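A quick write-up on the structure given underneath.
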Amino acid sequence: MRIPSPLPAILLAATALSGCSMAPKYVQPALPVPASWPVGDAYLRQSEAALPSVRYSDIFRDARLQRLIAQALANNRDLRVAAANIAATRAQYRIQRASLLPQVDATGRYSYTDRGSGGAASQAVGNGGTGTGTGGTGTGTGGVGTGGTGTGVGTGGTGGSIVTGSGGNGSAWSVNLGTTAFELDLFGRVRSLTGAALDRYFATEAGARATRLTLVGDIADAWLNYGADQSLLAIAQQTAASAERSVTLTRARLEGGIAPRTDLRQAEQVLATAQADLAQQKTAVAQDVNALQLLVGAPIETSLLPASIEEAAPTIATLPAGLDSGILLRRPDVVQAEYQLRATNGQIGAARAALFPRISLTGLVGFASTALSSLFSGGSFNYSVAPSVSYPIFQAGAGVAGVRYSEAQRDAALATYEKTIQTAFQETADALARQGTIADQLGANRRFLTAAADTYRLTEASYRGGITPFLNTLDAQRSLYSAQRTVIATQLTAASNRVALYRVLGGDSLLEATANGPVPVSPAG
């Protein structure tokens with residue numbers, strides 16, 4: 001009577017028990033910041049209930065800037081590194097996931113033995129193999145043959161191979177499939193490690209979105225800086241030209257005996273300062289181009305650059321912040337921190353499961369025969385199943401320490417997650433405070449510039465008419481130059497703050513953290 005194989009029953013039981021997990025249930029931490037944005041004199045009233053879906057082209061409306069951003073998304077090396085990191089963590093996840101299934105190896109073997117013309121011998125090697133011999137006495141591993149015919153049944157081999165002797169010669173054929181030390185994941189150790197690897201992969205994906213968001217913002221900032229430096233360069237050129245005229249005028253007045261030498265020296269000081277600023281601004285413009293080329297990852301066309309900050313600033317729109325600070329949970333860097341927190345949860349489950357016995361299964365099925373024609377027929381089939389259990393009796397507390405270590409890592413990841421949200425809240429609140437006051441500051445600076453320009457015009461006319469000393473003109477010229485630079489700096493600050501709002505609110509890189517991975521909330525730019 002054929003004895004039923006225990007292998008299907010063992011595999012069925014392992015499958016039924018492998019769903020167990022000792023990882024703590026993940027619960028999203030409470031938001032560690034106020035539920036709404038700050039209010040007060042420094043803040044504008046927010047009217048949008050929720051952050052709308054946007055593309056970067058909705059915020060950065062200049063076609064030239066959009067072209068630079070598109071080129072950067074295709075060429076930037078940081079994005080290529082992020083893509084490579086995604087591919088690496090995806091591969092690591094697949095490697096870890098493979099541990100949930102047995103590794104099956106296939107082997108094939110042929111052997112031939114020639115024992116010369118002496119007495120016939122019979123040797124049986126393998127698990128379940130059978131050997132026969134004729135003439136004399138045949139001996140086999142696991143069996144003995146006597147008389148004219150000897151039979152042997154071998155046990156304990158590795159593949160069911162059989163070697164038979166008849167006239168001193170013998171052949172053996174075998175084909176085997178087997179798995180070695182496949183862990184039956186009864187306590188969820190392997191499954192927890194697989195889940196942790198998957199969450200790390202999701203974190204890397206979210207990190208790539210954060211890199212993309214930062215890149216778009218950095219390109220917009222660099223583009224605006226170029227426009228501001230072009231405006232400063234134009235002012236330096238105008239001031240240098242005006243200072244040269246002042247030097248010419250004061251020299252003529254000195255030679256005519258109607259102005260002291262101090263007037264000439266003071267005019268020369270203004271000219272030297274303007275010339276130094278002019279050289280500095282030429283350097284700044286060249287460095288702005290270099291910075292943009294690095295961000296874009298390729299040479300850029302000068303036609304894509306703004307002529308001034310006055311031209312560039314109005315093309316940057318304002319992204320509404322909404323009313324609910326919960327939008328920060330969708331920022332890609334926050335989503336990345338959350339998946340890293342989820343991954344530490346899985347590590348705790350794996351560490352807990354390591355405290356329990358580990359059950360492994362080694363199995364082998366195969367065919368063995370003395371002739372190739374009968375390899376897959378008759379009684380050539382054989383199998384073996386060898387389950388094993390290992391349990392650490394003494395580890396000097398290492399197992400429990402492993403659990404404590406994974407719990408400490410979880411606590412650190414939780415603190416990091418909360419700090420990421422708090423940092424995001426602070427960045428957003430700062431940008432909103434700047435947005436609420438920058439218009440008033442820019443208006444005041446422009447009024448000051450108007451007054452400074454008028455003062456310079458009047459004092460210069462008075463000096464030419466011999467009414468006031470040159471020192472008054474010099475002070476008025478310096479005040480005008482400073483006011484011009486201040487207005488440009490404030491315009492740059494206002495435009496850069498709108499870029500900052502796009503960045504700190506997640507822009508078009510908002511993600512929803514789900515168990516199946518980060519899902520983009522807004523359309524990709």
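The values are calculated or read from the model by the stated rules, or taken from the named source; none is laboratory data. All figures in this text were calculated on a predicted structure; none of them were measured in a lab. So basically every Cβ, Gly included, is an ideal-geometry build from the backbone, and we count neighbours across all protein chains shown. These area figures cover heavy atoms from the full protein model, side chains too; ligands, DNA and RNA do not enter into them. Shrake-Rupley method; radii C 1.70, N 1.55, O 1.52, S 1.80 Å.
Project the alpha carbons of the stretch 304-358 onto their principal axes and report the range along each, largest first, in whole Å.
71, 31, 10
I'd like to know which of Asn445, Ala431, Leu414 lies farthest towards the positive end of the charge dipole of the stretch 405-454, counting +1 on Cβ of Lys and Arg and -1 on Cβ of Asp and Glu.
Asn445
By accessible area of protein heavy atoms, probe 1.4 Å, what ranking do Trp223, Trp173 get, highest first? Don't skip to the answer; put the middle values down first.
On the way: Trp223 0, Trp173 75 Å².
Order by accessible area, largest first: Trp173, Trp223.
Can you pull the one-decimal nm distance between simple spin-label points at Ser111 and Val27, each 7 Å off the Cα toward Cβ?
Roughly 6.2 nm, to one decimal.
Looking only at the stretch 201-242, which residues have a backbone nitrogen under 17 Å from a spot 7 Å from the Cα of Arg478 in the C-beta direction?
239-240
Express in Å², to the nearest 10, the accessible area of Arg109 obtained by rolling a 1.4 Å probe over the protein heavy atoms while all chains stay in place.
140
Using a 1.4 Å probe on the protein heavy atoms, what percent of the accessible area of the stretch 460-502 belongs to carbon and sulfur? Can you show the working numbers first?
Working: 920 of 1680 Å².
Exposed carbon and sulfur together represent 55 percent of the surface.
According to the Kirkwood expression over distinct Cα-Cα pairs, how big is the hydrodynamic radius of the stretch 453-525, in Å?
Numbers: mean 1/r = 0.0606 Å⁻¹.
Mean inverse Cα-Cα distance, inverted, gives 16.5 Å.
Subtracting the Cα-Cα distance from 0.36 nm times the residue separation, let me have the gained length for Arg67 to Asp440 in nm, one decimal.
Values: separation 373, 0.36 × 373 = 134.28 nm, distance 3.26 nm.
Taking 0.36 nm per residue and subtracting the Cα distance, the gain is 131.0 nm.
With every protein chain left in place, what is the accessible area per residue of the stretch 385-490 in square angstrom, probe 1.4 Å? All intermediate terms of the calculation are to be shown ahead of the outcome.
Numbers: 5920 Å² over 106 residues.
Per-residue accessible area for the stretch 385-490 comes out at 56 Å².
Ignoring any ligand, DNA or RNA, what whole percent of the accessible area of the stretch 191-300 comes from carbon and sulfur when the probe is 1.4 angstrom? It would help to have the intermediate numbers written out before the result.
Details: 2480 of 4640 Å².
The computed percentage sits at 53.
Quick one: ranking Phe187, Phe202, Phe381, Phe448 by accessible area, 1.4 Å probe, largest first, what do you get?
Working: Phe187 60, Phe202 15, Phe381 90, Phe448 115 Å².
From most exposed to least exposed: Phe448, Phe381, Phe187, Phe202.
With a point put 7 Å past each Cα toward its Cβ, work out how far Ala276 is from Glu301 in nm, to one decimal.
Output for this residue pair reads 4.0 nm.
Given a Förster distance of 30 angstrom, what is the FRET efficiency for Glu310 paired with Ala461, based on the Cβ-Cβ distance and rounded to 0.05?
On the way: r = 28 Å, r/R0 = 0.92.
Efficiency for this residue pair is about 0.60.
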